[in-house]
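The values are calculated or read from the model by the stated rules, or taken from the named source; none is laboratory data. These numbers come from a predicted model, not from an experiment. All Cβ positions, glycine included, derive from the backbone under ideal geometry; neighbour counts span all protein chains shown. Quick note on the areas: whole protein, heavy atoms, side chains included, nothing else; ligands and nucleic acids left out. Shrake-Rupley method; radii C 1.70, N 1.55, O 1.52, S 1.80 Å.
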Amino acid sequence: MRRRLGLVLTAAALAVVMPVTSVVADPRDDKSEVDERVKELQQEFEGLDEDLARVIAERDAAQEKLPDAEAESKAADDALAEAIEKDEDMAARLTSAENAQKDLKDTIKSGTEEIDKHKTSATRIGRQAYQNSGITSDLAMLLQMAEGTSADGGIGRVDSAVRSQQRTIDKLSEQRALNKNNEERLSGVTDKISDLKDEAAEAVLAKEAAQVDAKKKADSLNDLISAKDDAEKTISDNKDKTEKQLADEKAEQDRLAEKVREWEKEQEKKGKFVFGDGVLANPAKGYPTTSPFGYRVHPITGARKLHTGMDFGVPCGTPIRSAGDGIVVTSGWTGGYGNRVVISHGKIKGKSIASTYNHNTKLKVHDGQRVKKGDIISYSGTTGASTGCHLHFEIMENGGYVDPKPFIF
């Protein structure tokens, strides 16, 4: 009983400890990681609203977790297959043992009937022997028969009768020994069946635990696939709209570049063109760069998009200063750029240089105003296609966008 209790307790524990791999969490549960990725996406891609950024972040998180989820699901399926195989093996062994038990019981029953038959014969022989002073009636009859025949013939019959009686007694003894042996075997088989039932119970619990684990892993994998597919559909549904927004943004960039080029030509004709000192300053000194200049693959359209400037992580209302001496080309609202200031710094090393300051909450300068390096020209904000307070700063060289970093650091 103690052994059986121990096995049952062990089997029950399997339901708890059987799963050895962790369930893959839904990417939406990893909120802090997703939130961080949302911020990164919004910093990298101006105009990308938070909802779409979150969809993209969740898709990326799901995609990243898929290989582990697939591996865990396969491991759980393998464990389930192993548990089912063991369960079937235990069932087969138990059936075999129970069949052996039944055969032994039938053999013992048959042997007992045989013992009863031989016991009856032996009892009759013993009773007759007692009544005839140790000589059975059959023997007496045979002796009488022997008197009327030749000595050899009579004695032969007597000898045969005695041997027959002895065989009856021997068979009784043999059957008893055989039954005792079978009963001992039956006892061993019965104990084995008890142990097999305990092991079978363990196998059943292990199989059930493996089934639960396999379902969890499969559900987790399916959740990830579903989350990824849903996100990809949302992204796809927004592709046309995003492509139009990017096209409008590119058109605005080109329009501004052309406007700056035309303005500078006019100023040069009028003799009012400013020639800078060749050195520009950081317009948001002391604040971190949150997104550098450069190309990156847009997460919705899949196209390479140029981030035309560099972003500084400045709080709303932070004073923004002119990077150098110059003349304000334009100051006002400019679509996705929000409140924007564009300053021409004239020619630096033979190239026309202009700087732009975008998403401001308030402007301090007007078109045609001359400014000095370090003058406050605006206060930072999040106007236009912006998802948070920052300064989007650009450098235009001969009307084209270039990396601002070499100019201000």
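Miscellaneous remarks
- Among the residues listed as LYS215, LYS233, LYS197, the single one being touching a helix residue (DSSP H, G or I) at 6+ places or on another chain (Cβ under 8 Å), open to solvent by 60 Å² or more (accessible area, probe 1.4 Å) and in a helix (DSSP H, G or I): LYS197
- Residue check, LEU224 of a type outside the set (Val, Ile, Thr), open to solvent by less than 10 Å² (accessible area, probe 1.4 Å), in contact with a Leu (Cβ under 6 Å, 6 or more places away or on another chain) and assigned by the TED database to the domain that holds LEU80: yes
- Odd one out for ASN358, checked against (1) more than 45 Å from the chain's Cα centre (by Cα); (2) modelled with pLDDT of 95 or more; (3) of a type in the set (S, T, N, Q): (1)
- Restricting the range 62-88 to residues that are within 30 Å of LYS31 (Cβ to Cβ) and among the small types (Gly, Ala, Ser) leaves a set whose member that is surrounded by the fewest Cβ atoms within 10 Å (Cβ to Cβ) is ALA71.
- Filter result for GLU258 (under 21 Å from ASN398 (Cβ atoms) and assigned to a helix (DSSP H, G or I)): yes
- Subset of the range 308-326 [open to solvent by less than 10 Å² (accessible area, probe 1.4 Å) and either closer than 18 Å to GLY399 by Cβ or touching a His at 6+ places or on another chain (Cβ under 7 Å) (or both)]: THR308, GLY309, ASP311, PHE312, VAL314, ALA323, GLY324, GLY326
- Total residues in the range 297-307, condition of a type in the set (D, E, K, R) and open to solvent by 40 Å² or more (accessible area, probe 1.4 Å): 1
- Strands (runs of 3 or more DSSP E) lying entirely in the range 351-409 (those with 3 or more residues that are under 22 Å from LYS305 (Cβ atoms)): 351-360, 391-397, 400-402
- For SER291: the one exception among (1) under 30 Å from ASP367 (Cβ atoms); (2) open to solvent by 40 Å² or more (accessible area, probe 1.4 Å); (3) among the polar types (S, T, N, Q); (4) at pLDDT 90 or above: (2)
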